[in-house]
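Let me give you the structure first, and then I'll get to my questions.
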Amino acid sequence: MTNKGNIGSSYLTNLKLYQGSTEVASASGMTGDKVTFILATPYEIKNGEEKTFSVKTDIVGGRNNDTIEFSVQDRGDVVGIDTVFNSNAYVDESSITAASSFSAVSFGSLTLKGGDVTITFSGPSAANVSRGGSDVELWKGTLSSASAVEIKNTYVYITTTKA
């Protein structure tokens, strides 16, 4: 599969291919803009059956409005083995006319949106601090987020006045 979105490939890790709720293959990361899933145990799809597969990944970085758009670019990107003739079985092109050719199949696009971090101040009240004080509490509060976030830098500015 190919990611035609603009998110950096290194930000997509721990990719897993599922059939229903069963994991059938995994990849630790992407190679360029591609991920290859090789099933450790063959998965049989009987004649006339239709199976739905899904891909899940950990998104470990990226920026607001980065996109992820997986697609199959070529009929040879999905290959199975025909169990009757023991030969490669490719994407069914029976509905493609002689005048046309295989075209990429996109599985939709996801757009990253920024998360919110809430900072709550809970003390202490403004007060005078004596020179030479030790373990003086200057700020107390909480940081919370509706989604997992990584805070890389925090800046604290202290304004002093001469009494």
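The values are calculated or read from the model by the stated rules, or taken from the named source; none is laboratory data. Being a predicted model, the structure only gives us computed values, none of them experimental. No Cβ is skipped: glycine too gets one built from the backbone with ideal geometry, and neighbour counts run over all protein chains shown.
Restricting attention to the range 132-153, report how many residues are of a type in the set (Ser, Thr, Tyr) and part of a strand (DSSP E or B).
To start, the set of residues in the range 132-153 that are of a type in the set (Ser, Thr, Tyr) comprises 134, 142, 144-145, 147.
Keeping just the survivors that are part of a strand (DSSP E or B) gives 142, 144-145.
So the count comes out to 3.
I've got another one for you. From the residues in the range 20-57 that are modelled with pLDDT under 90 and not in a loop (DSSP other than H, G, I, E, B), which one is nearest to the chain's Cα centre (by Cα)?
That would be Ser54.
Run Ser10 past the list (1) in a helix (DSSP H, G or I); (2) at positive phi and report the number of the one that doesn't hold.
Of everything listed in (1) in a helix (DSSP H, G or I); (2) at positive phi, Ser10 misses just condition (2).
Of Val91, Val129, Val84, Val156, which residue is at pLDDT 80 or above and not in a strand (DSSP E or B)? Don't jump to the end; show me each part of the working.
Working: Val91 fails: at pLDDT 80 or above; Val129 fails: at pLDDT 80 or above; Val156 fails: at pLDDT 80 or above.
Selected residue: Val84, the only one of Val91, Val129, Val84, Val156 that is at pLDDT 80 or above and not in a strand (DSSP E or B).
Still on this model: For the range 30-53, name all the residues that are touching a helix residue (DSSP H, G or I) at 6+ places or on another chain (Cβ under 7 Å) and either small (Gly, Ala, Ser) or touching a residue at least 40 places away in the same chain (Cβ under 8 Å) (or both). Working first, answer last.
So in the range 30-53, the residues touching a helix residue (DSSP H, G or I) at 6+ places or on another chain (Cβ under 7 Å) come out as 30, 32-33.
Scanning the range 30-53 gives a single hit, Gly32.
Also, I was wondering about something else. Give all pairs with beta carbons closer than 7 Å in which a residue from the range 149-163 that is among the aromatic types (Phe, Trp, Tyr) meets a residue that is part of a loop (DSSP other than H, G, I, E, B) and modelled with pLDDT under 75; count only pairs at least 6 apart in sequence or on separate chains.
Matching pairs, first to second residue: none at all.
Only one of Ile59, Ile7, Ile68 is closer than 26 Å to Thr111 by Cα, out of contact with any strand residue (DSSP E or B) (no Cβ under 6 Å at 6 or more places or on another chain) and surrounded by 13 or more Cβ atoms within 10 Å (Cβ to Cβ). Can you tell me which? Full working, then the answer.
Numbers: Ile7 fails: out of contact with any strand residue (DSSP E or B) (no Cβ under 6 Å at 6 or more places or on another chain); Ile68 fails: out of contact with any strand residue (DSSP E or B) (no Cβ under 6 Å at 6 or more places or on another chain).
Going through Ile59, Ile7, Ile68 in turn, the sole match is Ile59.
Oh, and also: Looking at the range 138-163, which of its residues are surrounded by fewer than 10 Cβ atoms within 10 Å (Cβ to Cβ) and over 30 Å from Asn64 (Cβ atoms)?
Leu138, Ile158, Thr159, Thr160, Thr161, Lys162, Ala163
Let me ask something else. In the range 126-163, how many residues are over 30 Å from Ile59 (Cβ atoms) and touching a Ser or Thr at 6+ places or on another chain (Cβ under 6 Å)?
Residues flagged as over 30 Å from Ile59 (Cβ atoms) and touching a Ser or Thr at 6+ places or on another chain (Cβ under 6 Å) within the range 126-163 amount to 1.
Here's something else I'd like to know. When the residues of the range 10-56 are filtered to those that are surrounded by 14 or more Cβ atoms within 10 Å (Cβ to Cβ) and small (Gly, Ala, Ser), which remaining residue is nearest to Ile81 (Cα to Cα)?
Ala25
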